[in-house]
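Input: a single structure, listed below in structure tokens.
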Amino acid sequence: MAAQRPSLRLPSTMRLKLGRDFTGVRERGQRVAAGCLIANWQLLPGAAASRLGVITSRKLGPAVVRSRARRLLRETFRLHQHDLRQPVTMVLVARSSIVGKRLAAVERDFLSAMRRAMMLREK
């Protein structure tokens, strides 16, 4: 029988929605900036599921641009959530350089940030 692959889903229960959750992670968590994003995170106990919040400022541009930035950041986290050493509560902040980038470039910046923070599992 094939080994069970971890789920790559990112249901709404795994998303941060309350302002106090965002504020808590940004105030008490760790931070690293790389390329088109800023990552803020707090480590969670081993059995917990990772959670994600995304912030896009109006400085990025109109709603279409902000929505695309949010989708890119969510998709990047969704694809790499199981590559992290430990579950986290993470807030990703889109920087203005994300405008016009493709998924591969955003993934590269995310993985660079996680490597600098020593958050990725050894392969």
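The values are calculated or read from the model by the stated rules, or taken from the named source; none is laboratory data. None of these values were measured; they are calculated from a predicted model. For neighbour counting, all protein chains shown are included, and Cβ atoms are generated from backbone atoms with ideal geometry for every residue, glycine included. Accessible surface areas use protein heavy atoms only, side chains included; no ligands, DNA or RNA. Shrake-Rupley method; radii C 1.70, N 1.55, O 1.52, S 1.80 Å.
The modelled label-to-label distance for the pair Arg20/Arg58, using points 7 Å beyond Cα in the direction of Cβ, is 2.7 nm. Kindly provide log₁₀ I(q)/I(0) values, in the same order as q = 0.12 Å⁻¹, from the Debye equation applied to equal alpha-carbon scatterers of the stretch 39-96. Results for the stretch 39-96 at q = 0.12 Å⁻¹ read -0.31. Charged neighbours of Arg116, selected by a Cβ distance under 14 Å, balance to +3 (K, R count +1; D, E count -1). Length gained on full extension, Met118 to Leu44, computed as 0.36 nm times the residue gap minus the Cα-Cα distance: 25.1 nm.
Computed about its Cα centre, the charge dipole of the chain is approximately 320 debye, with only Lys, Arg, Asp and Glu carrying charge at their Cβ. Across the chain, Cα pairs under 8 Å and at least six residues apart give a relative contact order of 32 percent. Taking all protein chains into account, the per residue accessible area for the chain stands at 62 Å² (1.4 Å probe).
Ligands, DNA and RNA aside, Ile38 has an accessible area near 30 Å² when probed at 1.4 Å. Taking only protein heavy atoms and a 1.4 Å probe, the accessible area of the chain is 51% carbon and sulfur.
The length gained on full extension between Arg102 and Gln30, counted as 0.36 nm times the residue separation minus their Cα-Cα distance, comes to 23.3 nm.
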